[in-house]
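Working notes for the structure below.
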Amino acid sequence: MGRTPRGLVLGALLLALLATPLSAPFLDSYNYVLQVMIVMFMWIAMTSSWNIIGGFAGYTSLGHGVFFALGGYLSGSLFVYLGLSPFLTAPLAGLVAVGVGLLVGLITLRTRGPSFIISTIALLLMTNLLINNWQFVGGANGMSLPLPTLPLAAAKASFYYAMLVAAVGSVYLAYRVKRSKFGLGLRAVAEDETKAEVAGINTRMYKIAAFALSAFFVAVAGAVWAYSLAYLRPVTFLSIAIAADFVLMPILGGRGTVAGPVLGSVLIVGVNELSVAYFGGTALNLVATGALLLVVLLFFPQGIVGTLRQHRRLPRILDWD
Amino acid sequence: MPLLEVRDLIKDFGGLRAVDGCSFSVESGSITSLIGPNGAGKTTVFNIISGTIKPTSGRVLLGDADLTGQAPHAITRHGVGRTFQIARELGDMTVVENMVVAAPARGLLSVLRRDILARERSRAMELLDFVGIAHLADEQAKNLSYGQKKLLEFAAVLMPAPRLVLLDEPSGGVNPALLEHISARIEDLNRSGVTFLIVEHNMELVMRLSHTVVVMAHGDVLTHGPPDAVQVDDAVLDAYLGVA
């Protein structure tokens, strides 16, 4: 017992997700369903990635919108100016984001706690200012990308698969980090940095590596997202609301756990979509998301996965660590 | 031959000179105790040796290596382990994870390996058994009693097989029976070649364990020598009691 059913269930889930686009002929709301799934995958990819620095290492970053924008604008520009498909340049965008993450981390990770959070907000605002005034990428007016030449349904399906790959890749990366000595060191940093350092862990290098690594799949998701939007504006990537979602989704699901950001992303994107579907274009979706956060955190202060684990009530299907 | 040498250490905190030209050495294979009244600068000296604070001036030498100003993790890798005055466990981790964290991997490739390797687990179990808490190996560290946390910290410091162990008040918050147990373990380890530098207020323990006692007052070394000589030194009595 034990191991096999969880692998089976997750495998079956993955197969079902892989097969979803094949339902096109039978589903009226095909485009809508796929669009919602694309958004879910995007957030799973991004929050699982964020979790490496924000969850494992305990350094809350509100600046990951920068990597999101970097992915979108880098792949978008390569598409506009050189005609390279964002599907091909997305991994490149991820690597560039890792490089930028290293440089940024060298500076911002000299700080701890609230100072670190504020330095990441500063990073977000500076990038916003930069892109708003950089005409090469359209400035505040934005930048239009060439539309995909495929028929709509096929284009949707390709974005769907690209985002699914990013999501699965990101969760797998988080899982591998969590189970490695690197991940163990990050958990020590999160708990007591001085103790970790005295124990012999090069805490500064660990944190910088975690920050850089956490940028990869955020940029990949940004590249795919930009392609699917076909029109980029700074606010698409760099709003405070998006910066907050990076934090709220993992907190809801359980930051520092592998399954937490996945669960949090599915819940927040799901509740948001459902309330938009029911209440239409009112702002009630925000109320619903707020209520969800309130209720969950009242009863699950460590997030759903974290609190269930603490009470040894975590179903094996959600125990991915 | 001295293993550790502290030379002319000075540390200013703002206008306060916490350590004022302190020099002493720890003989290889010895148990050396650092004693003195509260505020004498003992813990500051400890923090400077282990790298958690940088000295204003002066040097810390371990054998041929100059530890002055190095980062704590680098000093640990030179073979210096330390415990804290108040036991500092990583509460959300298991006891075994706490042990393995104390012997971190070096180099990129080893960092990517599985968090707890079989040989690390068996080394951790050996040491936990040595201090007597092997049965708690898979318990969350925060669920341990204070005494058990002290034992865990003591065992964890031994994971990377240090040459020099700095113990900051091993008797603090520990009942007499447990203290007996801890001091027996210190003597066992010392016999197998581990050098100890201990900050301690429990004089009975200091006099029984130490080969050399270094007495600090007002940030400087007042005197040093074998325990029985220090015990009757007038300057020491004066520093502690204000009478001589």
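The values are calculated or read from the model by the stated rules, or taken from the named source; none is laboratory data. Quick caveat, the model's predicted, so the values are computed rather than measured. Positions of Cβ are backbone-derived with ideal geometry, glycine not excepted, and every protein chain shown enters the neighbour counts. Heads up: the accessible areas ignore ligands, DNA and RNA and are worked out on the full protein's heavy atoms, side chains in. Shrake-Rupley method; radii C 1.70, N 1.55, O 1.52, S 1.80 Å.
Quick look at the values:
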| read-out | value |
| --- | --- |
| Residue that is free of Cβ contacts under 8 Å to residues at least 40 places away in the same chain, buried (at least 21 other Cβ atoms within 10 Å of the Cβ) and over 20 Å from B:ARG163 (Cβ atoms), where the choices are B:LEU16, B:LEU128 | B:LEU128 |
| Helices (runs of 4 or more DSSP H) lying entirely in segment A:17-136 (those with 3 or more residues that are open to solvent by 60 Å² or more (accessible area, probe 1.4 Å)) | A:86-108, A:113-132 |
| Selection within segment B:186-244 - within 15 Å of the chain's Cα centre (by Cα) and among the aromatic types (Phe, Trp, Tyr) | B:PHE196 |
| Scope segment A:137-181; condition within 17 Å of A:ASN31 (Cα to Cα), in contact with a helix residue (DSSP H, G or I) (Cβ under 6 Å, 6 or more places away or on another chain) and buried (at least 16 other Cβ atoms within 10 Å of the Cβ); matching residues | A:PRO148, A:LYS156, A:ALA157, A:PHE159, A:TYR160, A:ALA162, A:MET163, A:LEU164 |
| Candidates B:THR56, B:THR76, filtered to the one that is crowded, with 18+ Cβ neighbours inside 10 Å and polar (S, T, N, Q) | B:THR76 |
| Residue tally, condition closer than 19 Å to B:GLY15 by Cα and in a helix (DSSP H, G or I), over segment B:48-61 | 1 |
| A:THR257 being in contact (Cβ under 8 Å) with a residue 12 or more places away in the chain, among the polar types (S, T, N, Q), more than 8 Å from chain B (Cβ to nearest Cβ) and in a loop (DSSP other than H, G, I, E, B) | yes |
| A:VAL235, sole failed condition from (1) modelled with pLDDT of 95 or more; (2) of a type outside the set (Gly, Ala, Ser); (3) part of a helix (DSSP H, G or I) | (1) |
| Residue, most open to solvent (accessible area, probe 1.4 Å), within segment B:136-173, restricted to residues that are closer than 15 Å to B:GLN85 by Cβ and part of a loop (DSSP other than H, G, I, E, B) | B:GLY173 |
| Residue within segment A:195-218 that is aromatic (Phe, Trp, Tyr), under 25 Å from A:LEU103 (Cβ atoms) and facing another protein chain (nearest Cβ under 10 Å) present | yes |
| Failed condition for B:VAL111, given (1) open to solvent by 10 Å² or more (accessible area, probe 1.4 Å); (2) among the β-branched types (Val, Ile, Thr); (3) away from every other protein chain (no Cβ under 14 Å) | (3) |
| For B:PRO176: the one exception among (1) in contact with a helix residue (DSSP H, G or I) (Cβ under 6 Å, 6 or more places away or on another chain); (2) open to solvent by 20 Å² or more (accessible area, probe 1.4 Å) | (1) |
| Selection from segment A:99-141 of residues that are under 23 Å from the mean Cα position of the chain (by Cα) and at positive phi | A:GLY113 |
| Single residue of A:PHE56, A:PHE87, A:PHE68 found to be in contact (Cβ under 8 Å) with a residue 24 or more places away in the chain and more than 17 Å from the chain's Cα centre (by Cα) | A:PHE87 |
| Test: residue in segment B:181-192 that is open to solvent by less than 10 Å² (accessible area, probe 1.4 Å), more than 23 Å from B:ILE48 (Cα to Cα) and among the hydroxyl-bearing types (Ser, Thr, Tyr) | yes |
| Boolean, B:PHE196 is away from every other protein chain (no Cβ under 14 Å) and surrounded by 20 or more Cβ atoms within 10 Å (Cβ to Cβ) | yes |
| Residues within segment B:202-239 that are touching a Gly at 6+ places or on another chain (Cβ under 8 Å) and not charged (D, E, K, R), tallied | 9 |
| Residue ID - most open to solvent (accessible area, probe 1.4 Å), chosen from residues in segment B:79-100 that are under 17 Å from the mean Cα position of the chain (by Cα) and at the interface with chain A (Cβ under 7 Å from one of its Cβ atoms) | B:ARG88 |
| Residues located in segment B:31-57, provided they are out of contact with any helix residue (DSSP H, G or I) (no Cβ under 8 Å at 6 or more places or on another chain) and either under 23 Å from B:HIS73 (Cα atoms) or modelled with pLDDT of 95 or more (or both) | B:THR32, B:GLY41, B:LYS42, B:THR43, B:THR44, B:VAL45, B:PHE46, B:ASN47, B:ILE48, B:THR56, B:SER57 |
| Pairs where the first residue, in segment A:165-193, is more than 7 Å from every other protein chain (Cβ to nearest Cβ) and the second is acidic (Asp, Glu), C-beta under 7 Å, 6+ apart | A:LYS178/A:ASP321 |
| Qualifying residues in segment B:62-73 (those that are outside any loop (DSSP other than H, G, I, E, B) and more than 8 Å from every other protein chain (Cβ to nearest Cβ)) - the one surrounded by the fewest Cβ atoms within 10 Å (Cβ to Cβ) | B:ASP66 |
| Identity of the residue in segment B:114-124, surrounded by fewer than 13 Cβ atoms within 10 Å (Cβ to Cβ) and not basic (Lys, Arg), that ends up modelled with the highest pLDDT | B:SER122 |
